[in-house]
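Working notes for the structure below.
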Amino acid sequence: MREQERGGGNGGREGRQELPPQSPEEQARAICLRLLTGMPRTRRQLADALAKRGIPEEVAQEVLSRYEEVGLIDDAAFAGAWVESRHRGRGLARRALAQELRTKGVHTTLVQEALEQLDSEQEEETARELVDRKLRSTRGLEREKRIRRLAGMLARKGYPEGMALRVVRRALEAEGEDTDDLGYPGYSAG
């Protein structure tokens, strides 16, 4: 706590020097470094933070460009790490990951490059793992309700409908369920 807040001293400035006011460039650099210390950020996330704090656009762009040059901002690396982390940790599919990256301001080309790490086999394997975990909690429910819950969970994570239904059908078959007459709209076995 400062001296002034404690009520002691003579204004709390004894033995201290006043710091000169920071230039907008210094402020922008300090803001960016503080934000990058916690976790990687995209260029747009940092630009938005600087704009919110009143840093002039031209100053912000200059600082952000410099940080890109020295590698402190790397949207491609950010996107790659994001895809790896969110797919492995949360089981998100390519569609959901693409949406998250676009929201963070990652350029479409970089989003596509990052998503190339995931192939459809890997994505389907993750969908199977998610369904296997959720399957236990749906036992005892009627089949149609189980299908809706399991397929809905996959849909919320960005899995395509066809893949979701195929994975759910196979999981139910593995449990001994008869799935020949699923009758789910838009579903075809295979």
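Observations on the model:
- Residue order by solvent-accessible surface for L72, L35 is L72, L35, largest first, with ligands and nucleic acids left out and a 1.4 Å probe.
- Normalised convex hull volume, the range 116-166, alpha-carbon set, Å³ per residue: 69
- Full extension of the segment from Q61 to Q112, taken as 0.36 nm per residue of separation minus the current Cα-Cα distance, would add 15.9 nm.
- Ranked by solvent-accessible area (1.4 Å probe, protein heavy atoms only, all chains present), the residues T42, T108 order from largest to smallest as T108, T42.
- Our estimate of slack between E68 and R53, defined as 0.36 nm per intervening residue step minus the Cα-Cα distance, is 3.4 nm.
- Loop-located trypsin sites (Lys or Arg not before Pro) in the range 94-172 (DSSP state not H, G, I, E or B) with no more than 13 neighbouring Cβ atoms inside 10 Å: R139.
The values are calculated or read from the model by the stated rules, or taken from the named source; none is laboratory data. If you're wondering where the values come from, they're calculated on a predicted model, not measured in any experiment. Because the Cβ atoms are built from the backbone with ideal geometry, glycine has one as well, and the counts that use them run over all protein chains shown. The protein model used for the area step is the full one, side chains on, heavy atoms only, and it has no ligands, DNA or RNA in it. Shrake-Rupley method; radii C 1.70, N 1.55, O 1.52, S 1.80 Å.
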